[in-house]
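Student: Right, I'll just put the structure down here and ask away after.
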Amino acid sequence: MTVAFPKQAFPGRVLEVTLPAAEGGTPVIVGGQNALPLAPEGEKHNPVAVGMEVGTGSGEIPPSLAHALGGREKDPVSLARACEDEWGASFIFLSLSGCHPDNGSQTVAMGAKLARDVLAAVRCPVIVGGCGDEEIDAKLFPAVAEAAPRPVFLSYADEKNYRLVGGAALAYGHGVVSWSPIDINMAKQINLLLSDIGVPPERILIDPLTGGLGYGLEYTYSIVERIRLAGLSGDAMLARPVLCHLGDAWKAREAVDASEPSWGDPDVRGPRWEEATGWACLAAGADLLVCRHPGNAALLRGTSWR
Amino acid sequence: MADAPCLRFLPEDASAPLQAGETILAHAVRAGIPILSPCGGEGRCGKCRVTVAGDTKGGDDPGALSQEELRAGVRLACRCVPVSGKVTVTVLPGSRPARLSAYIEGRETAEDEPFVPLHLVPGKGSPLGVALDLGTSTLAGALIDLRDGTVLARASSDNPQMVFGEDLISRIVFGEESPDGFTLLRRLLRQGVDKVISGLIESSPVAGEIVEVTAAGNTVISHILYGLSPAPLRRPPHRPVLKEYPAKSGKELGIASAPSARWRIFPSIGGFVGGDIVAGILASGMHREEAVSLLFDVGTNGEVALGNREFRIACSSSAGPAFEGGEVACGMRACAGAIDSVRIDRETLAAGWTVIGGGKPAGVCGSGILDLCAELFRAGLVDRAGRFVPRAGAPFRDTGRGKAYLVARADESAAGAEIVLAAPDLKSVLRTKAALCAAADALLAAVGLYRADVERVFIAGGFGNFLDLRSALTLGLFPPFPLRKFIPLGNASLAGAIGALRNRKRWEEAAALAPATSHHDLSSDPDFMEFYQRALFIPHTDEETYRRCLSPESA
Amino acid sequence: MALTALEIYKLLPKTNCKECGLPTCLAFAMQMAAGKAGIEKCPPASSEAKERLGAASAPPLPRVTVGTGDGAVVLGDEVVLFRHEKTFHHPTAIAASVSDTLGEEALVERLRRITALSFERVGQTISVDMAAVRCDSSDPARFARVAAAALSGAGKPLLLQGPASALAAAVKEVGASRPLLCPPPEELEDGAKLAASAGLPLVARARGLDALEAALAKARAAGAKEIVADPMPEDAGRAVADSICIRTLAIAHRAREVAYPTAFDLGGGFPNPFAAACLLVPKYASLVVLDTADPAELLPILTLRQNIFTDPQRPIQVEPGIYAIGKATPSSPVLITTNFSLTYFTVRSDIEASRTPAHLLIAECDGMSVLTAWAAGKFTAESVAKILLDGGIGGQVEHRTLILPGMVARLSGRIEELSRWRVLVGPQESSALPSYLRRLPPAAFLPANG
C-alpha cells in the first residue's frame, strides 16, 4: 500500500498579483495557488518573493545589521542598488520614514524625490511606504504617486486613509498594500472598503501587521494562516497575497542585546531572529517577505520550499 | 432658618438642604426631582443639564457644553457641586424624563387560550391581577380581571433607578460603592412599581382587590425587588444569588400598592438573563415548537435566546442603550416629539423625517436612529466602517464632538437647536448593533448550529413593532435572515406575564423552562470578540449574505 | 469530524440532573464539544451514548511519554491542524546531540553547554528538552557509559541512537529513566523487541512515507507500544512536506496506520538545520534533534516554539507597562488604557495623530477593552492608582497628572484620592484624542509642587 497525500480540494484560489518591474527587470508574481503553503503535492505556483527594506530615516540601526549593510544604510539609493544587485532582493520596500517629524523631518518633496531616485536606480519592483504620520502621509502618498515614473505599490491603506491612498493609486495606476492590525476581520474590512472605491483586486496586497519573534509573532502566524484558509475556502476578499515585514524582529531585545553572553553572539543571533520570524511567516502562508539583513534575503528566497 | 444653605429646584419649586461636597444630581435624587442621567452621573452623556444661580463649582467641562451654554449658566448636574448659600437650579426641558405611551403593547403568539387562572382568593369586589414588566428603563403593567382574563388597563412609568445609570452595571457599582446604595435602589424601584399599579387602578373600569401579581424582570431588577444584592452578577462567574424567587406577599416585598397580593417573580436563567426573557420565550411560544427560533429583546440591554422545545440557550449582550435614546446625543425615547423614521434625499442629501405626534422634533428615537444610520449608509454619506464620507453639498458640521450630520436645522426643531448625529454617536450605534448581532452568532456557534437552521426570528422590546426591518438589515442589527422569518412581538415580557396570569399552565411552563434553559456567558466565550469585530461593520464583514437577504426574491 | 454541542446533547439524558456539576445537559454538551469534559462525568448516560461519545473524544494522535517525573516530555496527543482551531498542546521537543566518541573533558563540556541552553522569557523557562546520545563508536559498553553520563550530566530525558546491541547495553544502565530508543532502519525489529520487553518508547525510521508505514507495522508486530515515526527526509523541504502529510492523515483522515508523533534528526550534516527546525516547529514535528548548542541559534528556535504553543484563544494582548509615544519628555502627558491589543493600537495611533508626544500606560486587564474591564472589576481606581504609584511612571515625568479614558470618568475621584495624582477625564472615544490633546493647556503638565 502506498501512502497518498491527502490532497485537499479548495474551492478558492489566491489571486495572482504582479508587482511590475522597470524595463529589463524581473517583475514579482505572487499568489495563484490553490493549496496551503509547503504542501508536498500542491500545484506548481509562484515562489515566495523576498524583498529588502530600504529606510530613509535618521533612526539608529542595530550594530549587527549595520555591519552587514557595510555603511550603505546612509544612502538609500546605493543601498537599494546593493539590495538588488548584490543581495538578490526580488523587490525593494522603500520606507519614507525620514519624512516623520521624529525621524529626520524630510519634506514631502524630498520624500517624493527619493522615491523617484530609487525607482530610477533599480529595475526590480518597488513598494513605497509612508512615514506613519497621518497628516504627512496624506500629502506624501499623492506626491509619491504622481512622482513615480513607473507603477509601484503604496503602503499602506488603512481604515482611516483608504480613500486617499486608494484614490492616489487609482489616479496614477499604482497598487495598494491594505493594512490591518492583526485581525482577520479588519483585514477583510479594509479590502471591502478598497473595493467599494474601485481599486481592482489584482492591485492589492494584504499586510496583516507582523509581530516580531517573541513579540506577537504567534498572533500574526494564526491570522496569516486564517486569511489563507478563508481565501482558499472561497472568500474572495481574502484570497489575496499576503506581505509580512520581518523588520519588527529587530526591535526585540533578544535580537540585538550584546550584554547577555549566555545568549550567544549578537552578530549571529540578530539575523537568526529575523530569519526565524521569516520562516514562521512562510509556514503560515505569506507570499512576500520584507527583510533587512542581506544574508536573509538569500536564505529565505523561497525556490526550494514550494 | 432663612439663612440655611439650600438648593431650590425649578420649576417644581422644591427645596433641599445643601450637603457639602455632593453634586446637584445627588441633591435632586434625594429631593425626588427627576433628571435624566443615562450615564449614571459619570459626566459623559451630557444630558443632565441645568442652569444654576448661586455659588457652585464644577460641571463646566468644556467638552460637554458650548461656550454660550457656559456663559448662560448651564452646568452638568452630575459634576456641579453647590458651595454655599442659596443655589437655584432649573432643570432644562431636555433633561427631564419623557412620558411614555408606547412600550406597553405586546402580543403573545399563542393567543386565544382557555382562561385558567392561577388561583383565586376571595376578596372585596372583583379579584384582580397585575402583570408587570420591570425593565431597566421602563416599568410597564397590565391589570387583568381574574374572573374572565380581560385586560382592564395598561400603564407604564420610567424606572426611577435611571438616575443611577441607564445600564445595570452602573447601578450595581452605585449600589456597591454608596452606603445603603441597594436600599436606595430598592426604594426607587418600589416607588416606580407603586406608580404603575396606582395608575392601573385609577384607569380601571372595574373596582376590586389585587390578589395576584406576576412580575418579569432581568436578574438585577429581580434581585433588588426581592431584597437581594445583585453585586455577584457583576463579576465572573456572574452567578445570581437566587434564580427562583418563592412567592411572597406584596407586604413582605414592601410594596404598598398591592400588599395582600401574591407576588410571583419570574425565575432567572443565569447571569443578567432573567425572568423578562423567560416571559418573552413564554410569549413567543418557541419552547413549544420543533422549529428552532431566535428571540431578540432589543432594550436597554440586548438579550438573545435560541432554541426550541428540546433545548434553549440565552445570553445577554453588552449592547448599549443606543436604541433607547442613550449614548446618542440626539437620542430620545419613543414618545411625542421624537423622529421615528428618516429618509435622505439622494439629490440634496438633506434629511426628511416623521415625528411621533407630529410637530417639531426634539430628538430621534430608536427606530429613527436606525433609519438615519441606514439612510446615511445607503446615500453614501457613511462608509462600511462607520465613518462619514465627505460629499459636496452634504449637510455636515464640525462640532465639539467631531464631524456631524445635520438632521434638523435649529429653526425646524422643538428646542431651537440643531439636531445632529455626530461621529461618536455613529460609533455608539455600531457598537450596540454589533454586540446584538454577535450575541446571536455566538449562541449559534456555541451549540453548533448555522444561521440556516433558524426558522423564526422574534423581535421583542420597545421598537420591535415599528422598526424598519430593511433598515435593520442594511445596518446589520441582526444576523442576515430573510425578511420573512422575522416576527415582531412588541413587549413580549409583559405579554408573557399576562399569559401566566391568565393561564396557570403557562406559569408552570415558565417555572420549568427557566432551569432548562442554559445561560451562555459571552464574557468567557473566546469567540465572541471575533463575532463582535465581524459585526462592527456595515452591514457586516460577511456582507454577501446580507445582500442576499435584502434582495427582493428572499423578502 | 468532531461532534457539535447539539449533536452531543441529543445523545445525553436531557434531564438536567446536574450530576456533572453543570446546570443543564446542554451546558455539559458544550463543555464536551470544547474538549473540556468527558462522558464519564455523566453517570446516567446510556451505554450507547458512552460508546459513541467516548470514541469521538479519543485523541487522533497517540501520546508518547519520554523520561520520568517533572522533566518528562510528551510527544503527540494533538487534536487540530491549525492552532487557532483550539491550541497545540505539546510543544515540539528539542534535543541536542551528544556523540559517544567525545573524550572525558569534551563530554563534560558538551553536557554543560546543553544544560546552559535555558532561558527566561515572559515568566517561563524555555530550554532544550532532551539529550540525544549517538553511538558513533560502535562500542556498546562505551555508548552505555556515555548515556549514563549524559543522563546524570544533563539531567534530561534521553534519545538513544544506535544499533540494537548498543541500545540493549544502554537500557541496562539508563532504562529506568524511560529513554526513547532509536535503532537504525535495518535493525528496527530487534530494537522494537527491546522496546517491547523493556516497556520503552521507540522511534521507527524509514525513508519515505511508504517505507515508513511498513516500518511502523513491523514495529507494532514486534510488540512496541509507544512509537514515534521518523520519515528520514534528505532536506528541509522534504521534512516539512512529510511532517504535514503525516499530521494531516492523522487528524483530518484518522489514518491510524501513520498516526504517530514524528521525530526529525536535523544533525549529522542535514542541510540548513536552522531553517528546517523553524519550519518544523509550527508544522507539526513532535521532536527535532540538532547538533548545534549555540545559544544564538537555540534562543530563536525555543522562542518560536514558545510563541506557537501558546493558547491562541487568549485575546491578543500587549505587555503591560509604560509606552513612550513620539519623543516623550518628563513634561509629556500621561494616558492610560488596557492591554487589549486593539484598544492599544487604536489609542496609540490616535495619540500619534495628535503629534503630541506622550506616555501611554498599559494596564493588565486580561486583554479586555476599557469598558469590559471596568465592568469585570479589572480596571478599577485601585488598580490604576497602583500603576501610578508602583509602575515607575513617577520617575519618568515631573508632573502628576493622568488622562483617564472618558468611559470610566467615574473612577477619577477615587484615583485622585488613592494616588494623589490629578486626574483629567479624557474623551469618550479614542478618535477624539487628537483634538483633545492639542487643546490641552501645557500648564496641565508642569512639575508637581513638593
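Student: Kindly provide the Kirkwood hydrodynamic radius of the range C:228-322 in Å, to one decimal, from all pairs of distinct alpha carbon atoms.
Tutor: Numbers: mean 1/r = 0.0685 Å⁻¹.
When all Cα pairs of the range C:228-322 are included, the Kirkwood radius is 14.6 Å.
Student: Between C:Gln313 and B:Ala417, what FRET efficiency comes out of the Förster formula 1/(1 + (r/R0)^6) with R0 = 60 Å and r the beta carbon distance, rounded to 0.05? Please report the intermediate quantities before stating the final value.
Tutor: Details: r = 48 Å, r/R0 = 0.80.
It comes to 0.80.
Student: Pop the C-beta distance of A:Ala120 and A:Ser233 into the FRET formula with R0 = 56 Å and round what comes out to the nearest 0.05.
Tutor: On the way: r = 43 Å, r/R0 = 0.76.
So the FRET efficiency works out to roughly 0.85.
Student: Would you mind checking which residues have amide H under 5 Å from B:Ser518's amide H? H placed 1.01 Å from N; only 5 or more apart, or other chain.
Tutor: For B:Ser518, whose amide H was placed from the backbone, the distant partners under 5 Å are B:Arg312, B:Ile313, B:Ala314.
Student: Please give the net charge around B:Ser524, taking every other residue with its beta carbon less than 15 angstrom from that of B:Ser524, where Lys and Arg add +1 and Asp and Glu add -1.
Tutor: Working: positive: B:Arg234, B:Arg235, B:Arg239, C:Lys36, C:Arg314, C:Lys378; negative: B:Asp521, B:Asp525, B:Asp527, B:Glu530, C:Asp311, C:Asp366.
Net charge around B:Ser524: 0.
Student: Given 10 °C and 1.306 mPa s, how large is the Stokes-Einstein diffusion coefficient of the protein assembly as shown in µm²/s, with Rh as the Kirkwood radius over Cα pairs?
Tutor: It diffuses with D of about 47 µm²/s by this estimate.
Student: Let me ask something else about it. Need one number: nm distance between label points at C:Leu389 and C:Ala217, each 7 Å from Cα along Cα→Cβ, rounded to one decimal.
Tutor: 7.2
Student: Please list the equivalent ellipsoid semi-axes of the range C:321-445, computed as the square roots of five times the alpha-carbon gyration tensor eigenvalues, in descending order and whole angstrom. Show your work: numbers first, answer last.
Tutor: On the way: eigenvalues 74, 57, 36 Å².
Taking √(5λ) for each eigenvalue gives 19, 17, 13 Å, largest first.
Student: Using only Cα positions of chain A, each an equal point scatterer, no hydration layer, compute I(q)/I(0) via Debye at q = 0.07, 0.10 Å⁻¹ and quote the log10 values to two decimals.
Tutor: Log-scaled intensity ratios, in q order: -0.25, -0.51.
Student: Starting from the eigenvalues of the Cα gyration tensor, five times each then square-rooted, give me the equivalent ellipsoid semi-axes of the range A:60-192, largest first, whole Å. Could you put the intermediate results ahead of the total?
Tutor: On the way: eigenvalues 122, 55, 49 Å².
After diagonalising the Cα gyration tensor, the semi-axes are 25, 17, 16 Å.
Student: Give the long-range amide H neighbours of B:Gly302: residues separated by 5 or more places, or on another chain, with amide H under 5 Å away, using H modelled in the peptide plane at 1.01 Å from N.
Tutor: For B:Gly302, the qualifying residues are B:Ser317, B:Ala319.
Student: For the range C:1-137, what's the radius of gyration and Dmax over Cα atoms, in angstrom?
Tutor: Spelled out, the Cα radius of gyration and Dmax of the range C:1-137 are 22.3, 70 Å.
Student: Quick one: divide the alpha-carbon radius of gyration of the range B:160-244 by 2.2 N^0.38 Å and tell me what you get. Present the calculation step by step, with values, prior to reporting the outcome.
Tutor: Values: Rg = 14.9 Å, N = 85, 2.2 N^0.38 = 11.9 Å.
This ratio for the range B:160-244 stands at 1.25.
Student: Label-point separation (nm) for C:Asp210 and C:Ser197, each offset 7 Å from Cα along Cα-to-Cβ?
Tutor: 3.4
Student: Do any of B:Lys47/B:Lys243; C:Lys10/C:Lys86; A:Lys188/B:Lys403; B:Lys505/C:Lys50 go past 28 Å between their Cα atoms, and which?
Tutor: Pairs exceeding the cut-off: B:Lys47/B:Lys243; B:Lys505/C:Lys50.
Student: From the backbone phi of the range B:127-134, what are the Karplus-calculated ³J(HN,Hα) couplings (6.51 cos²θ - 1.76 cosθ + 1.60, θ = phi - 60°) in whole Hz, Gly and Pro given as x?
Tutor: With the stated coefficients, the range B:127-134 comes to x, 10, x, 10, 9, 10, 10, 9 Hz.
Student: Which three extents, in angstrom, do the Cα atoms of the range A:78-126 have along their principal axes, listed largest first?
Tutor: Largest first, the range A:78-126 extends 32, 18, 15 Å along its Cα principal axes.
Student: Based on the alpha-carbon set only, what is the convex hull volume of chain B divided per residue, in Å³?
Tutor: Numbers: hull volume 83.9 nm³, N = 555.
That works out to 151 Å³ per residue.
Student: For chain A, modelled as a GNM with alpha-carbon contacts under 10 angstrom, which of A:Gly175, A:Gly285, A:Gly12 fluctuates the most?
Tutor: The residue that fluctuates most here is A:Gly12.
Student: When the chain is fully extended, how far beyond the present Cα-Cα distance does A:Lys113 get from A:Glu23, taking 0.36 nm per residue of separation?
Tutor: Values: separation 90, 0.36 × 90 = 32.40 nm, distance 2.03 nm.
Extra length from A:Lys113 to A:Glu23 when fully extended: 30.4 nm.
Student: Please check which bits of the range A:138-165 a label hung off B:Ala392 would reach, taking the label as a point 7 Å along Cα-to-C-beta and the cut-off as backbone N under 19 Å.
Tutor: A:164
Student: Next question. What translational D, rounded to a whole number of µm²/s, comes out for the range B:325-423 from Stokes-Einstein when the hydrodynamic radius is the Kirkwood one over Cα pairs, at 20 °C and 1.002 mPa s? Could you put the intermediate results ahead of the total?
Tutor: On the way: Rh = 13.3 Å.
My calculation gives 162 µm²/s for D.
Student: Need one number: % antiparallel among DSSP beta bridges in the protein assembly as shown, to the nearest 5. Kindly include the intermediate steps, with their values, before the conclusion.
Tutor: Values: 76 of 173 bridges.
Counting DSSP beta bridges with both partners in the protein assembly as shown, the antiparallel share is about 45 percent.
Student: If one puts a single equal scatterer on every Cα of the range B:121-269 and applies the Debye formula without solvent, what log₁₀ I(q)/I(0) results at q = 0.13, 0.15 Å⁻¹?
Tutor: With no solvent term, the Cα-only Debye profile gives -0.56, -0.72.
Student: Where does the longest stretch of chain C lie that holds no trypsin sites (Lys or Arg not before Pro) found in a DSSP loop with 10 or fewer other Cβ atoms within 10 Å? Kindly include the intermediate steps, with their values, before the conclusion.
Tutor: Values: sites that count: C:Lys36, C:Lys327.
Value returned for the longest uninterrupted segment is C:37-326.
Student: If we count every other residue with Cβ under 11 angstrom of B:Ile538's Cβ, Lys/Arg +1 and Asp/Glu -1, where does the sum land? Intermediate values should be presented prior to the final figure.
Tutor: Details: positive: B:Arg378, B:Arg384, B:Arg387, B:Lys433; negative: A:Asp196, B:Asp383, B:Glu543.
My count for the surroundings of B:Ile538 gives +1.
Student: OK, next. How many nm is it between the label spots at C:Arg121 and C:Ala141, if each spot is 7 Å from the Cα in line with the beta carbon?
Tutor: Once both label points are built, they end up 4.4 nm from each other.
Student: In whole Å, how far is the Cα centre of the range C:128-161 from that of the range A:244-302?
Tutor: 33
Student: Count the DSSP beta bridges whose two residues both fall in the range B:246-390, then state the antiparallel fraction as a percent rounded to the nearest 5. Don't jump to the answer; show the numbers that get you there.
Tutor: Details: 19 of 22 bridges.
Percent antiparallel among DSSP bridges in the range B:246-390 is about 85.
Student: For the range C:383-432, how big is Rg over Rh, using alpha carbon atoms and the Kirkwood form of Rh? Mind showing how you got there, number by number?
Tutor: Details: Rg = 10.9 Å, Rh = 11.2 Å.
Rg divided by Rh gives 0.98.
Student: Also, quick follow-up: Under 5 Å between amide H atoms, partner at least 5 residues away or on a different chain: which partners does B:Gly331 have, H built in plane at 1.01 Å?
Tutor: B:Val364
Student: Looking at chain A, send over the antiparallel percent of its DSSP beta bridges, to the nearest 5.
Tutor: Working: 4 of 32 bridges.
Among the beta bridges of chain A, antiparallel pairing accounts for roughly 10 percent.
Student: Tally Lys and Arg at +1 and Asp and Glu at -1 over the other residues with C-beta under 15 Å from the C-beta of C:Thr101: what net charge comes out?
Tutor: Values: positive: C:Arg110, C:Arg134, C:Arg142, C:Arg145; negative: C:Asp100, C:Glu104, C:Glu105, C:Glu109, C:Asp136, C:Asp139, C:Asp291.
Cβ neighbours under 15 Å give a net charge of -3.
Student: Ok, one more. Check the straight Cα-Cα distances from C:Lys156 and name the lysines below 20 Å, setting aside those fewer than 8 residues away within the same chain.
Tutor: Cross-link targets: C:Lys172.
Student: While we're on this one: If the cut-off is a Cα-Cα distance under 16 Å, which aspartates and glutamates reach C:Lys18, setting aside same-chain residues fewer than 8 apart in sequence?
Tutor: Candidates past the 8-residue exclusion: C:Glu40.
Student: Can you pull the percent of Cα pairs in chain C with separation above 41 Å?
Tutor: For chain C, the share of Cα pairs beyond 41 Å comes to 40 percent.
Student: How much FRET efficiency would the formula 1/(1 + (r/R0)^6) give for B:Glu455 and B:Arg147, where r is the Cβ-Cβ distance and R0 is 41 Å, rounded to 0.05? Please report the intermediate quantities before stating the final value.
Tutor: Working: r = 38 Å, r/R0 = 0.93.
The calculated FRET efficiency here is 0.60.
Student: Right, next: Please get the size of the charge dipole for the protein assembly as shown, origin at its Cα centre, with Cβ charges of +1 on Lys and Arg and -1 on Asp and Glu, quoted in debye to the nearest 20. Intermediate results must be reported in sequence, preceding the final value.
Tutor: On the way: 129 positive and 145 negative charges, 459 e Å.
Here the size comes out at about 2200 debye.
Student: Using square roots of five times the C-alpha gyration tensor eigenvalues, list the equivalent-ellipsoid semi-axes of the range A:193-306 in whole Å, biggest first.
Tutor: On the way: eigenvalues 185, 37, 30 Å².
In descending order the semi-axes read 30, 14, 12 Å.
Student: Place a point 7 Å from the Cα of C:Thr329 along the Cα-to-Cβ direction; which residues of the range C:378-416 have their backbone N under 20 Å from it?
Tutor: Answer for the range C:378-416: C:393-403.
Coordinate-derived values only; no laboratory data. Since this is a predicted model, take the numbers as computed values, not measurements. Positions of Cβ are backbone-derived with ideal geometry, glycine not excepted, and every protein chain shown enters the neighbour counts.
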